[in-house]
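Beneath this line is the structure, given in structure tokens, with notes to follow.
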Amino acid sequence: MWPSPISPLPPSSPYWGGHFRAGPEARFVVHDPWDGRVIAEVPRCGHDEAVAAVEAAVVALRAGPPALVERARWLQAVAALHEQHVEALARVITAENGKPLAEAEGEVRYAASFYRDAARRLPELEVRRLPDRPRGCTWEVHARPAGVAALITPFNFPLAMLAKKLAGAWAAGCPVVIKPAEKTPLSAMALVHLLHTLDLPPGWFNLVTGEAEAIGRAWCAHPAVRVVSFTGSTAVGQLLAAWCAPGVKRLALELGGNAPLLVFADADLDAAAAELVSNKLRCAGQTCVCANRVLVQAEVLEPFAERVQRLLREVKVGRGDAPGVQLGPLIDARGAEKVRRHVDDAVARGAALRLDGAPRQAGGTSWGPTLLVGLDRGALIGREETFGPVFALGSFADEADAVDWANDTPHGLAAYVFSGDRARLQRVAGALRCGHVGLNTATGPTAEAPFGGVGLSGLGREGGLEGVLEFVEWQSTPLGPGAEG
Ligand code: ADP
């Protein structure tokens with residue numbers, strides 16, 4: 001039984017068909033990102049367990065989708081489970097991801113909001129009758145569940161990324177198979193323990209942990225899986241898309257970004273600096289909506305940099321579960337190495353390192369706030385997501401230059417624009433190629449609105465009605481003689 005006051009981490013077992021399973025003997029370990037300590041051993045499932053999980057979901061699918069009122073009840077119940085266990089779930093997130101506890105609690109509530117919002121969308125899935133009679137028939141339009149949905153999630157929001165997918169899938173009536181990230185499988189496991197207490201019919205949620213590639217391939221190849229919903233790197237998204245091509249499966253891919261944050265000379269610099277800092281510190285800068293390139297109009301670069309520096313000096317860095325910590329460690333030493341590569345490259349290209357947050361010891365993961373001023377347009381930071389608390393400020397001359405630099409990436413997920421001129425804000429938003437543009441705000445997505453990318457940042461949307469429709473197949477039924485009720 002989890003949560004238990006004695007063991008804060010959930011027992012690790014794969015789950016399908018309504019039962020926890022022993023899984024294979026092989027295990028992989030989960031680390032505390034702060035000190036590298038092993039905190040759990042988790043079954044290393046592969047192809048066979050992945051297929052067994054799908055077969056369990058097929059049984060659920062055969063029984064037919066629950067009525068809309070029933071789906072609403074499930075979704076509300078999942079949201080309530082999150083809300084009743086905010087602290088226990090947050091402790092699991094912090095243990096395996098490293099983010100500060102207050103942030104993890106925010107993630108749990110954020111996750112709950114996706115289930116609540118999906119429940120509110122269900123009336124949109126009622127059978128619709130066309131008002132006229134084309135071809136001499138009454139026509140109905142049904143929102144049918146697409147089939148089994150495979151959900152593959154990343155380490156940065158272990159519970160919220162799952163919520164974005166599971167809420168949409170269940171609203172549409174699709175049973176799911178879940179594979180959490182190897183670095184953070186415990187939050188999803190904890191949720192499965194909670195879902196188990198709801199006594200839902202077997203097969204609606206199934207979870208395997210282990211060999212990412214073997215599991216991904218098995219699901220993309222399985223004919224019953226009709227939707228693959230994935231959040232993670234572009235490289236893996238491309239692999240999944242290729243594996244899904246022969247089966248012509250639906251794909252919802254939320255891939256990496258390279259978010260620009262534009263600050264025009266007429267912006268409120270204090271507000272823009274504060275928004276940037278809160279945006280970039282979330283999950284230690286390891287989110288796909290973190291501002292990766294901060295582009296500042298040349299005449300305000302210095303005053304803006306000073307404001308950011310002042311705010312960063314106050315940031316408390318430490319273990320995620322220590323009181324008052326605002327910035328936890330990076331997920332692992334590999335992540336820290338990537339940040340180091342980006343910082344070294346920017347400095348080699350002429351940026352001034354005004355604050356150096358590099359870990360003191362080799363292999364360390366605790367990267368403090370880092371401020372670079374004078375980012376060169378050709379820097380690595382402009383090409384890849386840094387995934388660390390690096391504030392990289394470059395300068396632009398005018399609006400056309402700013403838009404050109406901001407769009408100089410094959411990615412297009414999030415962007416932010418700060419200006420005192422409303423017409424400019426709207427104009428620039430229209431010119432930016434990305435799915436989310438904050439205007440005088442650096443807030444990320446919300447459950448109520450569709451979120452997703454363009455270009456190499458992905459396909460499809462999560463949140464809002466659009467996030468539910470990713471899992472729906474529309475079926476039109478013209479009613480011939482005797483078919484009309
Ligand atoms: P991140 O940088 O967030 O770790 P990844 O794309 O590597 O991004 O991982 C996101 C998810 O994709 C994780 O659940 C991971 O296990 C899974 N994954 C990684 N490699 C593969 C692969 N070759 N096939 C299928 N899934 C994969």
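The values are calculated or read from the model by the stated rules, or taken from the named source; none is laboratory data. These numbers come from a predicted model, not from an experiment. Neighbour counts are summed over all protein chains in view; Cβ atoms, including those assigned to glycine, are modelled from backbone coordinates with ideal geometry. In case anyone asks, the SASA skips ligands and DNA or RNA and just uses the protein heavy atoms, side chains included. Shrake-Rupley method; radii C 1.70, N 1.55, O 1.52, S 1.80 Å.
Data overview
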item: Base-10 log of normalised Debye intensity for the stretch 409-470 (one unit scatterer per alpha-carbon) at q = 0.28 Å⁻¹; result: -1.13
item: Mean separation of Cα contacts under 8 Å (6+ apart) over length of the chain, as relative contact order %; result: 19 percent
item: Filter on Lys99/Lys338; Lys99/Lys249; Lys249/Lys338; Lys99/Lys164 - keep pairs with C-alpha separation over 27 Å; result: Lys99/Lys249; Lys249/Lys338
item: Beta bridges by DSSP in the chain, antiparallel share as percent, to the nearest 5; result: 40 percent
item: Zero-based 5 Å bins, Cα pair distances in the stretch 119-169, whole percents; result: 4, 16, 17, 15, 13, 11, 8, 7, 5, 3, 1
item: Cα centroid separation - the stretch 191-234 against the stretch 58-97, whole Å; result: 14 Å
item: Alpha carbon Rg of the stretch 316-364, scaled by the compact-globule rule 2.2 N^0.38 Å; result: 1.30
item: Stokes-Einstein D in µm²/s, Kirkwood radius over Cα pairs - the stretch 345-409 at 37 °C with 0.692 mPa s viscosity; result: 255 µm²/s
item: Stokes-Einstein D for the stretch 233-277, Kirkwood Rh over Cα pairs, 10 °C, 1.306 mPa s (µm²/s); result: 116 µm²/s
item: Equivalent ellipsoid, the stretch 93-177 (semi-axes from 5 times Cα gyration tensor eigenvalues, Å); result: 38, 14, 7
item: Simple Cβ-charge dipole of the stretch 196-315, Lys/Arg +1 and Asp/Glu -1, about Cα centre, in debye nearest 20; result: 560 debye
item: Dipole in debye (nearest 20) - the chain, about Cα centre, beta carbon charges: Lys, Arg +1; Asp, Glu -1; result: 660 debye
item: Nearby aspartates and glutamates by direct alpha-carbon distance to Lys179 (threshold 13 angstrom, same-chain neighbours under 8 apart not counted); result: Glu49, Glu211, Glu213
item: Heavy-atom surface of the chain, accessible at 1.4 Å and reported per residue (Å²); result: 39 Å²
item: Stokes-Einstein D (µm²/s) once Rh is taken as the Kirkwood radius of the stretch 1-139 over alpha-carbon pairs, at 37 °C in 0.692 mPa s; result: 177 µm²/s
item: Euclidean distance between Cα centres, the stretch 130-149 to the stretch 272-349, Å; result: 50 Å
item: Positive minus negative residues near Val86 (Lys, Arg vs Asp, Glu; Cβ under 15 Å); result: -2
item: Sulfur and carbon atoms: percent of accessible area, the chain [1.4 Å]; result: 54 percent
item: Global size of the stretch 118-217 as Cα Rg and Dmax, reported in angstrom; result: 17.4, 58
item: The stretch 1-127, dipole about Cα centre (Lys/Arg Cβ +1, Asp/Glu Cβ -1), debye to the nearest 20; result: 240 debye
item: Debye intensity ratio in log₁₀ form over the Cα atoms of the stretch 8-61, taken at each q of 0.18, 0.20, 0.21 Å⁻¹; result: -0.67, -0.77, -0.81
item: Percent of Cα pairs exceeding the 14 Å cut-off, where the set is the stretch 198-239; result: 61 percent
item: The chain: radius of gyration over Cα atoms, expressed as a fraction of 2.2 N^0.38 Å; result: 1.01
item: Convex hull volume of the stretch 349-485 per residue (C-alpha atoms, cubic angstrom); result: 197 Å³
item: Environment charge at Val373 (Cβ cut-off 9 Å; Lys +1, Arg +1, Asp -1, Glu -1); result: 0
item: Cα shape, the stretch 252-371, gyration tensor, a/c 1.5 rule; result: rounded
item: Prolate/oblate/rounded call for the stretch 47-89, Cα gyration tensor, a/c under 1.5 rounded; result: oblate
item: With all protein chains modelled, accessible area of Lys183 [1.4 Å, Å²]; result: 80 Å²
item: P(r) of the stretch 253-313 over all Cα-Cα pairs, binned every 10 Å from zero, in whole percent; result: 22, 53, 21, 4
item: Compactness of the stretch 192-306, expressed as Rg and Dmax over alpha-carbon positions, Å; result: 21.1, 63
